[in-house]
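The values are calculated or read from the model by the stated rules, or taken from the named source; none is laboratory data. No experiment lies behind these values; they were computed from the predicted model shown. Here the Cβ positions follow ideal geometry from the backbone for every residue, glycine too, while neighbour counts run over all protein chains shown.
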Amino acid sequence: MNNLIKTILALSAFLLIIASPQGYSQSAVQRMDDAETRADRLEDKADQIREADEDAKEEMEELRDNQADRMEDRADQLRESSEDQADRIEDRADKIRDGY
């Protein structure tokens, strides 16, 4: 009876030792797959953020360029307006000088 218990105990321990790593390895493989999937998702999200950042930078640059263009156009209009006004003043001065 004692030998039978020892044999059953040894056999149980042997089966546990053999079965345990297999269950652990399957679990470890599944966890590694889950970790890789999460890592892939994080990389995809990082790529999306980078692309959005680049798009935002391009849009901001375009807005600045448009604003600068409008300011330059306004400066040109002011310059032309000032030149026209200066020409009119010179013409009036000539008329006064000539006695109308």
Task: Which numbered condition Thr7 fails, given (1) within 47 Å of the chain's Cα centre (by Cα); (2) modelled with pLDDT of 80 or more - done: (1)
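Can you go through Arg79, Arg64, Arg97, Arg74 and tell me which one is loosely packed, with under 10 Cβ neighbours inside 10 Å, in a helix (DSSP H, G or I) and basic (Lys, Arg)? Talk me through it step by step, then tell me what you get.
Values: Arg79 fails: loosely packed, with under 10 Cβ neighbours inside 10 Å; Arg64 fails: loosely packed, with under 10 Cβ neighbours inside 10 Å; Arg74 fails: loosely packed, with under 10 Cβ neighbours inside 10 Å.
Matching residue, one of Arg79, Arg64, Arg97, Arg74: Arg97.
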